[in-house]
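**Q** Take this structure, written in structure tokens, and hold onto it; I'll ask about it next.
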Amino acid sequence: MISVRHVWKVFGSNPTQIIGSPDANLSRSELRAKTGNTIAVRDVSFDVAPGEVFVVMGLSGSGKSTLVRCMTRLIEPTQGEIFFQEEDILKVDEKRLRELRKTRFSMVFQHFGLLPHRKVIDNIAYSLEINGVSKVERHDRANQVIELVGLQGYGHAYPEKLSGGMQQRVGLARALAVDPQVLFLDEPFSALDPLIRRDMQAEVIRLHHQLGKTMVFITHDLAEAVKLGDRIAIMRDGAIVQIGTPEELVAAPADDYVANFVQDFPKSQVLTLRWIARKPDENEDLSGPILPPTVTVHNSMRQIVESALPIRVMEDGHLLGVVTTKDMLSVVSGSEL
């Protein structure tokens, strides 16, 4: 669905001269001191598959929000290619770019950006209004999306009457109204309190299962990234440090930076039996209980501990390996139990 190829964003004078020069290898502070420039996105490449939830995470200043804005050309990249279904959006003219933004992809931001003088239904229908859709048609579509995101009964309320979570539901509904192929969500829940944030994460998961939309989700929260992402890209100083599934990042961090990110995350909630299963010993009894490889260690702990025999991890009738209590404890910290 999306291919990002060697994208750079350099802020400052003569930004193209930085790329490919020895100065590009300087730290941010050294580069600013020497040239006045800042590298916000550094040679980033990745693909996003159709229907995937691709999460980009990192600390404040890592470049994640700049990257997603480059992907929609809200910020113009200094160099690189960004293909949307094989069309390089960095080469399209303003007319085609507006068309893509109106019909093919939508954005949801941390700050809801609702129009205070318009009712919920008209905020949601606004994206259709600028596309020239008649009032009757856009209200019909807005009512469909209102039901989809759980805002029944609030269509004629004004934004100021809604809680933060409900306002963000309006933002989601507005983005979905044009039936986009891709949703870009830039830290949409970071301003919400923890309970509402958890509800909104569940709402995104539900909508993704129901609609199958491709999503690029930006966050600084590892728990949120693991909960939502099919794959996660971790950024540092404008560059991607590692891309992988939540399981891969937790079990096999690429370097100390990623290891520090995931060190306190409960591995048992992410790692599956596929990851920890091992080849059985020659004389090991293979008549124990069977579990699928997709079940997490957390959800299989009881059966593993209570079984006198190794758990057999089976897929399509084939033995992938076995797991015992000792195997589990060698991977998962005892403090998690």
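**Q** Would you be able to say whether some residue in segment 219-241 is at pLDDT below 90 and among the basic types (Lys, Arg)?
**A** No, segment 219-241 has no match at all.
**Q** While we're on this one: Do we find that Pro253 is in contact with a helix residue (DSSP H, G or I) (Cβ under 7 Å, 6 or more places away or on another chain) and of a type outside the set (S, T, N, Q) in this structure?
**A** Values: in contact with a helix residue (DSSP H, G or I) (Cβ under 7 Å, 6 or more places away or on another chain): yes; of a type outside the set (S, T, N, Q): yes.
For Pro253, the condition - in contact with a helix residue (DSSP H, G or I) (Cβ under 7 Å, 6 or more places away or on another chain) and of a type outside the set (S, T, N, Q) - is met.
**Q** Considering segment 60-82 alone, what residues qualify as being among the small types (Gly, Ala, Ser) and assigned to a loop (DSSP other than H, G, I, E, B)?
**A** Scanning segment 60-82 gives Ser60, Gly61, Ser62, Gly63.
**Q** Still on this structure, please answer the following. Would you check if Val145 is in contact with a Pro (Cβ under 9 Å, 6 or more places away or on another chain) and open to solvent by less than 60 Å² (accessible area, probe 1.4 Å)?
**A** Numbers: in contact with a Pro (Cβ under 9 Å, 6 or more places away or on another chain): no; open to solvent by less than 60 Å² (accessible area, probe 1.4 Å): yes.
No.
**Q** Something else now. Looking only at segment 157-183, how many residues end up being touching a residue at least 12 places away in the same chain (Cβ under 8 Å), within 29 Å of Glu86 (Cβ to Cβ) and open to solvent by 10 Å² or more (accessible area, probe 1.4 Å)?
**A** Summing the residues that are touching a residue at least 12 places away in the same chain (Cβ under 8 Å), within 29 Å of Glu86 (Cβ to Cβ) and open to solvent by 10 Å² or more (accessible area, probe 1.4 Å) in segment 157-183 gives 3.
**Q** Related question: Is one or more of the residues making up segment 70-77 surrounded by fewer than 19 Cβ atoms within 10 Å (Cβ to Cβ) and at positive phi?
**A** Within segment 70-77, one or more residues are surrounded by fewer than 19 Cβ atoms within 10 Å (Cβ to Cβ) and at positive phi.
**Q** If you don't mind, there's one more thing I want to ask. Just need a number here: residues in segment 1-59 that are surrounded by fewer than 17 Cβ atoms within 10 Å (Cβ to Cβ), touching a residue at least 40 places away in the same chain (Cβ under 8 Å) and either β-branched (Val, Ile, Thr) or in a helix (DSSP H, G or I) (or both).
**A** Number satisfying all stated conditions: 2.
**Q** Could you please find all residues in segment 184-214 being crowded, with 17+ Cβ neighbours inside 10 Å, of a type in the set (S, T, N, Q) and more than 18 Å from Gln110 (Cα to Cα)?
**A** Within segment 184-214, just Thr214 meets the criteria.
The values are calculated or read from the model by the stated rules, or taken from the named source; none is laboratory data. All values reported here derive from a predicted model rather than from experimental measurement. Glycine also receives a Cβ, built like all others from the backbone with ideal geometry; neighbour counts cover every protein chain displayed. Note: accessible area is taken over every heavy atom of the protein model, side chains too, but ligands, DNA and RNA are not part of it. Shrake-Rupley method; radii C 1.70, N 1.55, O 1.52, S 1.80 Å.
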